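Engineer: Let me begin by handing over the structure; questions about it come next.
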Amino acid sequence: MSFSALGLSDEIVRAVSEQGYTSPTPIQAQAVPAVLSGGDLLAGAQTGTGKTAGFTLPLLQRLSAAPRHKVNGQIPIRALILAPTRELAAQVEESVRQYGKYLPLTSACIFGGVGINPQIALLKRGVDILVATPGRLLDHMQQGTVNLHHIQILVLDEADRMLDMGFIRDIRKVLAALPPKRQNLLFSATFADEIKKLADSLLSNPALIEVAR
Ligand code: AMP
(Lines give C-alpha, C1' and ligand atoms only; values in the text may rest on other atoms or scores of the structure.)
Protein backbone atom coordinates (compact mmCIF):
# COMPACT_ATOMS: atom_id res chain seq x y z
CA MET A 1 0.00 0.00 0.00
CA SER A 2 1.35 3.42 -0.96
CA PHE A 3 0.22 6.92 -0.08
CA SER A 4 -0.73 7.65 -3.69
CA ALA A 5 -2.91 4.50 -3.76
CA LEU A 6 -4.92 6.14 -0.95
CA GLY A 7 -5.91 8.89 -3.36
CA LEU A 8 -3.54 11.58 -2.09
CA SER A 9 -2.14 14.14 -4.50
CA ASP A 10 1.45 14.23 -5.75
CA GLU A 11 2.20 17.32 -3.63
CA ILE A 12 1.16 15.51 -0.45
CA VAL A 13 2.88 12.23 -1.38
CA ARG A 14 6.08 14.16 -2.07
CA ALA A 15 5.92 15.87 1.33
CA VAL A 16 5.35 12.61 3.25
CA SER A 17 8.16 10.90 1.32
CA GLU A 18 10.46 13.69 2.44
CA GLN A 19 9.47 12.85 6.03
CA GLY A 20 10.85 9.39 5.33
CA TYR A 21 7.46 7.65 5.41
CA THR A 22 7.37 4.78 2.94
CA SER A 23 3.89 3.39 3.59
CA PRO A 24 0.79 4.43 5.53
CA THR A 25 0.29 3.16 9.08
CA PRO A 26 -2.90 1.13 9.72
CA ILE A 27 -4.82 4.16 11.01
CA GLN A 28 -3.76 6.18 7.96
CA ALA A 29 -4.75 3.39 5.56
CA GLN A 30 -8.25 3.48 7.03
CA ALA A 31 -8.71 7.14 7.97
CA VAL A 32 -7.45 8.71 4.73
CA PRO A 33 -10.10 7.19 2.42
CA ALA A 34 -12.82 7.69 5.05
CA VAL A 35 -12.03 11.39 5.40
CA LEU A 36 -11.56 11.88 1.65
CA SER A 37 -15.08 10.53 1.16
CA GLY A 38 -16.37 13.54 3.11
CA GLY A 39 -18.11 11.65 5.91
CA ASP A 40 -17.74 11.90 9.68
CA LEU A 41 -15.21 9.72 11.47
CA LEU A 42 -14.85 8.25 14.94
CA ALA A 43 -11.34 6.93 15.44
CA GLY A 44 -9.83 5.14 18.41
CA ALA A 45 -6.13 5.74 18.18
CA GLN A 46 -3.34 6.60 20.55
CA THR A 47 -0.30 8.76 20.08
CA GLY A 48 2.37 6.90 18.14
CA THR A 49 -0.05 5.33 15.64
CA GLY A 50 0.40 8.06 13.05
CA LYS A 51 -3.06 9.48 13.78
CA THR A 52 -1.99 13.06 13.12
CA ALA A 53 -1.18 12.34 9.49
CA GLY A 54 -4.33 10.19 9.43
CA PHE A 55 -6.49 13.29 9.65
CA THR A 56 -4.08 15.94 8.37
CA LEU A 57 -3.31 14.40 4.97
CA PRO A 58 -6.92 14.01 3.77
CA LEU A 59 -7.86 17.35 5.31
CA LEU A 60 -5.11 19.08 3.29
CA GLN A 61 -6.24 17.23 0.19
CA ARG A 62 -9.87 18.25 0.59
CA LEU A 63 -9.06 21.91 1.24
CA SER A 64 -6.59 22.13 -1.64
CA ALA A 65 -9.08 20.55 -4.04
CA ALA A 66 -11.71 23.21 -3.33
CA PRO A 67 -11.20 26.80 -4.46
CA ARG A 68 -10.69 29.33 -1.70
CA HIS A 69 -12.36 32.74 -1.90
CA LYS A 70 -11.38 35.54 0.41
CA VAL A 71 -14.21 36.99 2.48
CA ASN A 72 -13.88 40.76 3.07
CA GLY A 73 -10.19 40.51 2.23
CA GLN A 74 -9.71 37.74 4.79
CA ILE A 75 -8.82 34.09 4.20
CA PRO A 76 -11.76 32.15 5.68
CA ILE A 77 -10.86 29.46 8.21
CA ARG A 78 -12.10 26.25 6.62
CA ALA A 79 -10.65 23.67 9.00
CA LEU A 80 -10.50 23.81 12.79
CA ILE A 81 -8.42 21.34 14.80
CA LEU A 82 -8.90 21.35 18.58
CA ALA A 83 -6.20 19.81 20.78
CA PRO A 84 -5.92 19.59 24.58
CA THR A 85 -2.52 21.18 25.19
CA ARG A 86 -0.30 23.82 23.67
CA GLU A 87 2.39 21.19 23.03
CA LEU A 88 0.05 18.98 21.06
CA ALA A 89 -1.49 21.92 19.22
CA ALA A 90 1.97 23.13 18.19
CA GLN A 91 2.98 19.62 17.09
CA VAL A 92 -0.16 19.21 15.01
CA GLU A 93 0.36 22.55 13.33
CA GLU A 94 3.96 21.63 12.58
CA SER A 95 2.66 18.47 10.87
CA VAL A 96 0.15 20.54 8.89
CA ARG A 97 3.02 22.72 7.68
CA GLN A 98 5.28 19.80 6.80
CA TYR A 99 2.68 17.72 5.00
CA GLY A 100 1.24 20.81 3.29
CA LYS A 101 4.56 22.39 2.28
CA TYR A 102 3.83 22.02 -1.46
CA LEU A 103 0.25 23.27 -1.17
CA PRO A 104 -0.90 26.88 -1.18
CA LEU A 105 -2.61 26.58 2.22
CA THR A 106 -1.90 28.56 5.37
CA SER A 107 -2.21 27.61 9.02
CA ALA A 108 -1.89 29.07 12.50
CA CYS A 109 -1.77 27.75 16.02
CA ILE A 110 -3.35 29.52 18.99
CA PHE A 111 -3.11 28.55 22.65
CA GLY A 112 -3.22 30.21 26.05
CA GLY A 113 -0.39 31.30 28.30
CA VAL A 114 1.08 33.61 25.67
CA GLY A 115 0.13 37.10 24.47
CA ILE A 116 -3.14 37.30 22.57
CA ASN A 117 -2.26 40.26 20.32
CA PRO A 118 -0.01 38.42 17.81
CA GLN A 119 -2.77 35.82 17.51
CA ILE A 120 -5.32 38.55 16.83
CA ALA A 121 -3.11 39.88 14.02
CA LEU A 122 -2.80 36.39 12.52
CA LEU A 123 -6.53 35.77 12.71
CA LYS A 124 -7.25 39.13 11.11
CA ARG A 125 -5.38 38.06 7.96
CA GLY A 126 -7.04 34.67 8.19
CA VAL A 127 -5.71 31.16 7.62
CA ASP A 128 -7.07 28.05 5.92
CA ILE A 129 -6.38 25.79 8.90
CA LEU A 130 -6.54 26.80 12.55
CA VAL A 131 -5.16 24.60 15.31
CA ALA A 132 -6.25 25.69 18.77
CA THR A 133 -6.70 24.77 22.40
CA PRO A 134 -10.33 25.21 23.46
CA GLY A 135 -9.85 27.84 26.19
CA ARG A 136 -7.91 30.34 24.08
CA LEU A 137 -10.19 29.80 21.10
CA LEU A 138 -13.13 30.69 23.34
CA ASP A 139 -11.31 33.87 24.45
CA HIS A 140 -11.04 34.87 20.79
CA MET A 141 -14.69 34.04 20.18
CA GLN A 142 -15.74 36.20 23.12
CA GLN A 143 -13.57 39.08 21.89
CA GLY A 144 -14.90 38.70 18.36
CA THR A 145 -11.41 38.17 16.97
CA VAL A 146 -12.02 34.84 15.25
CA ASN A 147 -14.53 34.03 12.51
CA LEU A 148 -15.72 30.42 12.53
CA HIS A 149 -18.55 30.85 10.01
CA HIS A 150 -16.71 29.12 7.18
CA ILE A 151 -15.55 25.95 8.95
CA GLN A 152 -16.03 22.93 6.73
CA ILE A 153 -13.99 20.39 8.69
CA LEU A 154 -13.72 20.05 12.47
CA VAL A 155 -11.19 17.75 14.15
CA LEU A 156 -11.21 16.93 17.86
CA ASP A 157 -7.79 15.43 18.55
CA GLU A 158 -7.24 13.50 21.80
CA ALA A 159 -10.85 14.20 22.74
CA ASP A 160 -10.61 12.06 25.88
CA ARG A 161 -7.80 14.24 27.20
CA MET A 162 -9.75 17.38 26.42
CA LEU A 163 -12.65 16.05 28.49
CA ASP A 164 -10.31 14.95 31.31
CA MET A 165 -8.95 18.48 31.38
CA GLY A 166 -12.46 19.89 31.83
CA PHE A 167 -12.86 21.38 28.36
CA ILE A 168 -16.30 19.94 27.63
CA ARG A 169 -18.17 23.22 28.22
CA ASP A 170 -15.70 25.16 26.09
CA ILE A 171 -15.99 22.55 23.35
CA ARG A 172 -19.78 22.73 23.42
CA LYS A 173 -19.60 26.52 23.08
CA VAL A 174 -17.26 26.20 20.11
CA LEU A 175 -19.51 23.59 18.47
CA ALA A 176 -22.51 25.88 18.87
CA ALA A 177 -20.70 28.61 16.91
CA LEU A 178 -19.86 26.42 13.90
CA PRO A 179 -21.93 26.09 10.74
CA PRO A 180 -24.16 23.02 11.09
CA LYS A 181 -23.15 21.54 7.75
CA ARG A 182 -19.58 20.29 8.14
CA GLN A 183 -17.40 17.21 8.37
CA ASN A 184 -16.55 16.10 11.92
CA LEU A 185 -13.60 13.91 12.92
CA LEU A 186 -13.21 12.71 16.50
CA PHE A 187 -10.00 11.04 17.65
CA SER A 188 -9.77 9.54 21.11
CA ALA A 189 -7.57 6.95 22.80
CA THR A 190 -10.42 5.77 25.06
CA PHE A 191 -14.19 5.58 24.86
CA ALA A 192 -15.63 6.37 28.27
CA ASP A 193 -19.33 7.31 28.47
CA GLU A 194 -18.62 11.02 28.18
CA ILE A 195 -16.80 10.52 24.87
CA LYS A 196 -19.61 8.34 23.57
CA LYS A 197 -22.10 11.07 24.49
CA LEU A 198 -20.03 13.69 22.71
CA ALA A 199 -19.63 11.43 19.67
CA ASP A 200 -23.38 10.76 19.55
CA SER A 201 -24.23 14.45 19.58
CA LEU A 202 -21.45 15.50 17.20
CA LEU A 203 -21.14 12.81 14.54
CA SER A 204 -23.58 11.78 11.90
CA ASN A 205 -23.33 8.21 10.67
CA PRO A 206 -19.55 8.12 11.25
CA ALA A 207 -17.06 5.62 9.87
CA LEU A 208 -15.56 3.73 12.81
CA ILE A 209 -11.86 2.95 13.03
CA GLU A 210 -9.98 1.42 15.88
CA VAL A 211 -6.33 0.48 15.87
CA ALA A 212 -4.07 -1.00 18.50
CA ARG A 213 -0.97 0.88 19.55
P1 AMP B 1 1.33 10.43 15.86
O2 AMP B 1 0.69 9.17 16.33
O3 AMP B 1 0.50 11.16 14.87
O4 AMP B 1 1.75 11.30 17.01
O5 AMP B 1 2.68 10.03 15.06
C6 AMP B 1 3.72 9.34 15.68
C7 AMP B 1 5.01 9.42 14.89
O8 AMP B 1 4.95 8.58 13.74
C9 AMP B 1 5.38 10.79 14.40
O10 AMP B 1 6.71 11.04 14.77
C11 AMP B 1 5.27 10.71 12.89
O12 AMP B 1 6.24 11.51 12.27
C13 AMP B 1 5.48 9.25 12.60
N14 AMP B 1 4.76 8.76 11.42
C15 AMP B 1 3.49 9.07 11.07
N16 AMP B 1 3.12 8.42 9.95
C17 AMP B 1 4.16 7.63 9.59
C18 AMP B 1 4.39 6.70 8.51
N19 AMP B 1 3.44 6.45 7.61
N20 AMP B 1 5.58 6.09 8.45
C21 AMP B 1 6.54 6.34 9.39
N22 AMP B 1 6.39 7.20 10.42
C23 AMP B 1 5.21 7.85 10.53
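The values are calculated or read from the model by the stated rules, or taken from the named source; none is laboratory data. Everything numeric here is computed off the predicted structure, so don't read it as measured data. Glycine gets a Cβ as well: all are built from the backbone with ideal geometry, and neighbour counts include every protein chain shown. Just the protein is used for accessible areas: all its heavy atoms, side chains included, with ligands, DNA and RNA removed. Shrake-Rupley method; radii C 1.70, N 1.55, O 1.52, S 1.80 Å.
Engineer: For the range 96-107, give me each residue that is crowded, with 20+ Cβ neighbours inside 10 Å and under 30 Å from GLY166 (Cα atoms).
Structural biologist: VAL96, SER107
Engineer: Which residues, counting only those in the range 20-42, are away from the ligand (no atom under 12 Å from the Cβ) and assigned to a loop (DSSP other than H, G, I, E, B)?
Structural biologist: Those that are away from the ligand (no atom under 12 Å from the Cβ) and assigned to a loop (DSSP other than H, G, I, E, B): SER37, GLY38, GLY39, ASP40.
Engineer: Among (1) within 11 Å of the ligand (Cβ to nearest atom); (2) small (Gly, Ala, Ser); (3) surrounded by 14 or more Cβ atoms within 10 Å (Cβ to Cβ), there is one condition SER17 misses while meeting the rest; what is its number?
Structural biologist: Result: SER17 passes all but (3).
Engineer: Could you check, for the range 76-91, whether at least one of its residues is on the phi > 0 side of the Ramachandran plot and either in contact with a strand residue (DSSP E or B) (Cβ under 8 Å, 6 or more places away or on another chain) or more than 16 Å from the ligand (Cβ to nearest atom) (or both)?
Structural biologist: So far as the range 76-91 goes, no, none of its residues is on the phi > 0 side of the Ramachandran plot and either in contact with a strand residue (DSSP E or B) (Cβ under 8 Å, 6 or more places away or on another chain) or more than 16 Å from the ligand (Cβ to nearest atom) (or both).
Engineer: Separate question: How about the range 20-42: which of its residues are β-branched (Val, Ile, Thr) and loosely packed, with under 15 Cβ neighbours inside 10 Å?
Structural biologist: Within the range 20-42, THR22 is the sole residue that qualifies.
Engineer: Another question about this same structure. So GLN91 ticks every box in (1) assigned to a helix (DSSP H, G or I); (2) open to solvent by less than 50 Å² (accessible area, probe 1.4 Å); (3) of a type outside the set (D, E, K, R); (4) out of contact with any helix residue (DSSP H, G or I) (no Cβ under 6 Å at 6 or more places or on another chain) but one. Which box is left unticked?
Structural biologist: Failing condition for GLN91: (2).
Engineer: Looking only at residues in the range 43-79 that are assigned to a loop (DSSP other than H, G, I, E, B) and among the hydroxyl-bearing types (Ser, Thr, Tyr), which one is surrounded by the fewest Cβ atoms within 10 Å (Cβ to Cβ)?
Structural biologist: THR47
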